[in-house]
Amino acid sequence: MNGTVIPHTPIAVDLWNLRRAGSARLFFLTHLHADHTEGLSSTWARPLYCSPLSARLVHRRLQVSKQWIRALEVGESHVLPLDEIGQETMTVTLIDANHCPGSVMFLFEGYFGTILYTGDFRYTPSMLQEPALRLGKQIHTLYLDNTNCDPSLVLPSRQEATHQITELIRQHPQHDVKIGLYSLGKESLLEQLGLEFQTWVVLSPQRMEVVQLMELASVFTVEEGAGRIHAVNRAEVSWSAMLQWNRTHPTIAILPTSRRIHISHPGIHVIPYSDHSSFSELCDFVAALRPCRIVPIVQGVPCEDYFRESLSSWLLIEPQVPLSVQQYMGTSLNPPKEWGRVWLLQRRPKRLRTQGVVFESPEKESEPPQDLRDLKRPRRESLFTLGKDSQEQPNLPVTCATEQLPLHLEDSHSEDGEDWPVPFSSDKAMQTVKATLTEFSGQQRTVGKGDSPKELRKQSNSRPQHVCWKEDSGLRTSASKASRVQAAEPWILALEYLLTPLSCVQIGYSSRNFDHQVEKYLRSMGGGSSHLELFSQYR
C-alpha cells in the first residue's frame, strides 16, 4: 500500500486502513489504481476528497456512498477546516498528475508549511506553469513518486513510446493486436492508435464505462471483432492465450509498461510506455521545485540521495499543532484546564477487582475494643520456633471468666518423653486448667448410658457461669484419668484437649484432624464407646 499519514496533521492520503490511519480525519484519494485504494469499499464512512472523475469512479466501482465523497475541482484552491469549529484551516490545490483518468497531485498549505503530494504522476514541464506552483512557492516536504527512480532505467517519453507501438503494428498489417492493460489507464494511447489506423478499439464494458466519462474521440466499441485493436486485461496475455488467438487469426500482443517482464512467447512485445516519471524527469522536477525534504511514496525504494544537491538549504522546524487540531485528532497532550478533571479520570489507574465474596463489618470505621488494643499479637515465627532454649517468651494473658491469671511460658514435656513446642500456654497454666476441670467435673454425676443429649444440655446450663479454678499439683494416674473421663462430659474433654500442648504443624488446622486427635485423646484417657458416641453428637 502506497498511502501515508502526514505527520503532525489530521491528513491521510491513499490510506484507508483506519487502524493505521490513527488520528487522521481528512482522507484524500490521488487516483483509483488498486494499490492506492486497498481497504476502500462500500463500508467507508468518512469524508473522502478527490477529483470529480475519481468521485464518479469511486461510487460506481467501489460502491462508496455519495454522502462521503467530496469532489474538488482540479486546478483550483479549496479551504478546508482542520478542526470541528473551523478555527484552523488549510488550503488544498489539485493539480493534474498526468497518470490515469482522474489522477491528481495535492498541494497542502497550512500551519504545517507547504506539502506537495504527487501520488503517481508523469512529469511534464507544463506542470510548473500551474498557478499554485508558478509563484515560486517554497515546498517544505515533497512526497515523490519514486517508481522509476533508478539511474540505470532509461525510459522514453510517452510520445516516443507511442511511436514505437505504432511502428510495431505497421509491421504486422494482417494481425490482430491485443494490448494488455490494467483496468484503468492508457485510454489516451488507445485513442491515438484508433485514430492512427482508422479502426475500432474493442473494450470491455467496464473500461467503456470509464471512457464514456472522458472527452475522447468516438473510436471505442464493446462489439467483439469490430476492429483490429482489442484492449485486454494484462493477466490475459500468456503463452496459452497466444496459441488460442493465433488459431483463429494471426495475433500479436503488446505490453506497454516500464516493468521488467519475462517474455514467454515470440508474439508478445514489451514497449517501455510508462505513466510514471522517468529518472531524468524526476531530476528536472525536483531541481525546479527545490524542496526542503523528499519523502518517497513507494516504500523500500530510497531515492533521497539522488536529489541531495537539488534540495533547499532551509532549516525545517517541527510544526506546533494547534490545540483545536489536537482535540480534533484526539491526541491532545496538553488539554485545557476545563478538561483537566475528565482527562485525569480517564487516565486514573483502574482498581483491581476483589475476587470472591467480601465480608465487611458495618462498624469497620469504629475503633476496636480496649481489650483487643491492649493485646499485642506475637510474631508468627515465635509461635512455631519457641522451644526449651528459647529466651524470648511472650506474655499471653489468659482470661478465665472475669478474672485474669498472669502466665509465663515454661518448659513442657509430653508423657512419652518427647519435647513439644508450646504455642499458646505453659505447662503450669495447663495443670491449673486441668485441675479446675477435675474439680468442676467431680461435682457432676457420672454420665449414664440412658442420658440423652437434651438432658446433658440441661445439666450444663444449670452450672454456675463465673468460676475461677485453682492449680492442682497432684500427678495424674491412669486410674484418675479413667474416673475423670467417666465424670466429665465430652465438651469438657474437648476443652482440655484444646488446651493440651500440641504441635500446630502436626494438627494441620483442619476439622478432620481435630476430630481424629480428640478421639485419640479419649481413648488414651480410658474412655469407652459411649463417650466417643456422645462426643460425635456434641461436635
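The values are calculated or read from the model by the stated rules, or taken from the named source; none is laboratory data. Predicted model only: the values in this text are computed from it and were never measured. Note: ideal-geometry Cβ built from the backbone for every residue, glycine included; neighbour counts use all protein chains shown. Heavy atoms of the whole protein, side chains included, go into the accessibility calculation; ligands, DNA and RNA do not. Shrake-Rupley method; radii C 1.70, N 1.55, O 1.52, S 1.80 Å.
Dividing the convex hull volume of the alpha-carbon atoms in region 158-271 by its residue count gives 102 Å³ per residue. Remark: region 309-325, residue by residue, has Karplus-estimated 3J(HN,Hα) of 6, 9, 7, 6, 8, 5, 8, 7, 10, 4, x, 8, 6, x, 4, 5, 6 Hz, where x stands for each Gly or Pro and the curve is 6.51 cos²θ - 1.76 cosθ + 1.60 at θ = phi - 60°. Histogrammed with a bin width of 5 Å, the alpha carbon distances of region 8-139 distribute as 2, 10, 21, 24, 21, 14, 6, 2, 0 percent, first bin at zero.
Can you tell me the length gained on complete extension of the stretch Gln67 to Thr166, counting 0.36 nm per residue apart and subtracting the Cα distance? Don't jump to the answer; show the numbers that get you there.
On the way: separation 99, 0.36 × 99 = 35.64 nm, distance 4.41 nm.
Gain on extension, Gln67 to Thr166, equals 31.2 nm.
In this structure the amide hydrogen of Leu82, modeled in the peptide plane, comes within under 5 Å of the amide hydrogens of Glu88, Thr89, Met90, none closer than 5 places in sequence on its chain.
Positive end of the dipole of region 158-271 (Cβ unit charges, origin at the Cα centre): among Pro250, Ile263, Gly194, the Cα lying farthest that way belongs to Ile263.
Normalised per residue, the accessible area of region 158-271 is 54 Å², obtained with a 1.4 Å probe and no contribution from ligands, DNA or RNA. Measuring nothing but how far apart in sequence close Cα pairs (under 8 Å, 6+ apart) lie, relative to its length, region 158-271 scores a relative contact order of 33 percent. Under a 5 Å amide H cut-off, with hydrogens placed 1.01 Å from N, Ile254 pairs with Lys178, Ile179, Gly180, His269 among residues at least 5 apart or on other chains. 3J(HN,Hα) along region 27-37: 10, 10, 10, 7, 7, 9, 5, 4, 6, 10, 10 Hz, from the Karplus curve 6.51 cos²θ - 1.76 cosθ + 1.60 with θ = phi - 60°, whole Hz, x for Gly and Pro. Taking 41 Å as R0, compute the FRET efficiency from the Cβ-Cβ separation of Ser23 and Glu209 and round it to 0.05. FRET efficiency, Ser23 to Glu209: 0.65.
Quick one: if the Förster radius is 35 Å, what FRET efficiency do Gln159 and Glu76 give, using the C-beta to C-beta distance and rounding to 0.05?
Values: r = 29 Å, r/R0 = 0.81.
Rounded to the nearest 0.05, the efficiency is 0.75.
Computed from backbone phi, the HN-Hα couplings of region 517-524 come to 5, 5, 4, 5, 5, 4, 5, 5 Hz, rounded to whole numbers (Karplus: 6.51 cos²θ - 1.76 cosθ + 1.60, θ = phi - 60°; Gly and Pro given as x). Taking only the Cα atoms of region 239-331, the ratio Rg/Rh comes out at 1.27, with Rh defined as the Kirkwood radius.
Could you tell me what percent of the accessible area of region 158-271 is made up of carbon and sulfur, with a 1.4 Å probe and every protein chain present?
Numbers: 2970 of 6110 Å².
Whole-percent figure for carbon plus sulfur exposure: 49.
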